[in-house]
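Presented below is the structure to which this report refers.
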Amino acid sequence: MTAEVVHTLRNIGSVNIALGDNAEALVHLDRALRLLSTHPHPYLEATTLVWASEARLNLGDVLLAQELAEKSLAISRSLRLPDGEGPALATLSRVYRRRGDLPAAIAACRGAVEAARLLGYLRGAAEDLLLLGDLHVEAGRSEAAREAWQEVLELETGPDSPHAAEARERLARLPH
């Protein structure tokens with residue numbers, strides 16, 4: 001029963017993040033993490049930690065966001081869970097970006113892309129590739145950005161793909 005409650009709390013937290021209410025998300029995510037402290041479930045802990053990290057990052061607590069994402073990544077790696085590793089790496093890439101460490105952000109983002117590919121999660125890979133391209137632009141590497149965004153177009157070929165539309169917009173803004 002506890003796993004179902006944690007799963008529900010984690011999902012409520014993720015919905016609150018999507019709606020922009022990070023403080024409310026943390027109410028649910030922190031409650032889930034408290035339950036996990038007495039009823040361990042490593043997979044749920046890893047995935048809940050990464051959502052808590054996202055909420056903390058969105059609220060500007062970069063150091064705690066990094067700590068939570070690193071813990072999520074460690075759990076995911078110990079369990080060999082690419083579906084936990086990818087989101088943790090994607091979150092870490094945003095943490096490192098916020099801290100101004102573009103090389104670390106790029107490396108983490110590449111790891112997130114690879115984890116998504118390993119799972120066949122093309123939408124996730126495309127989303128991470130959009131971020132990777134943005135990071136390359138910030139690092140002054142326009143050609144690497146172009147390659148990342150071109151890859152999005154190769155992954156998502158449908159006319160209604162929001163990621164493909166974003167990639168086309170970004171490509172159009174790059175100097176030729």
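The values are calculated or read from the model by the stated rules, or taken from the named source; none is laboratory data. Remember, predicted model here, so these are calculated numbers, not experimental data. A quick note on method: Cβ atoms are made from the backbone with ideal geometry, for glycine too, and the neighbour counts reach across all protein chains shown. Areas reflect the complete protein model, heavy atoms only, side chains present, ligands, DNA and RNA absent. Shrake-Rupley method; radii C 1.70, N 1.55, O 1.52, S 1.80 Å.
Observations
- Take 85-91, 14-20 and order them by the average number of nearby Cβ atoms within 10 Å per residue, most first; the result is 85-91, 14-20.
- Volume per residue for the stretch 1-62 equals 63 cubic angstrom (convex hull of Cα atoms).
- FRET E, pair residue 2, residue 74, Förster distance 22 Å, beta-carbon r, rounded to 0.05: 0.50
- Between 0 and 90°, nearest 10: helix 22-38 axis offset from the chain longest Cα axis: 50
- Shape call, the stretch 109-162: gyration tensor on alpha carbons, a/c limit 1.5: oblate
- The phi-based Karplus calculation (6.51 cos²θ - 1.76 cosθ + 1.60; θ = phi - 60°) puts the 3J(HN,Hα) values of the stretch 161-169 at 6, x, 5, 5, 4, 5, 5, 4, 4 Hz, whole numbers, x for Gly and Pro.
- Against the chain, whose longest principal axis comes from its Cα atoms, helix 142-155 is set at around 70 degrees.
- Once the 1.4 Å probe is applied to the protein heavy atoms, the chain comes out at 51 Å² accessible per residue.
- Checking (i) 1.00; (ii) 0.96; (iii) 1.27 against the coordinates, the calculated Rg/Rh (Cα atoms, Kirkwood Rh) falls under label (i).
- Accessible surface of the chain, 1.4 Å probe, proportion on carbon and sulfur as whole %: 55
- Projected label points at residue 165 and residue 23, each 7 Å from Cα along the beta carbon direction, are separated by 3.3 nanometres.
- The string of couplings for the stretch 45-50 from the Karplus curve (6.51, -1.76, 1.60, θ = phi - 60°) is 5, 4, 6, 5, 4, 5 Hz, one whole number per residue in order, with x for Gly and Pro.
- Estimated dipole of the stretch 1-141 in Debye, rounded to 20 [Cβ of Lys and Arg +1, of Asp and Glu -1, Cα centre]: 220
- All C-alpha to C-alpha distances of the stretch 71-163, sorted into 10 Å bins beginning at zero, yield P(r) values of 19, 47, 29, 5 percent in whole numbers.
- Model label points for residue 121 and residue 157, set 7 angstrom from Cα along the Cα-to-Cβ axis, are 2.4 nm apart.
- Positive-end residue, the stretch 63-176 charge dipole about Cα centroid, Cβ charges, pick of 164, 150, 107: 107
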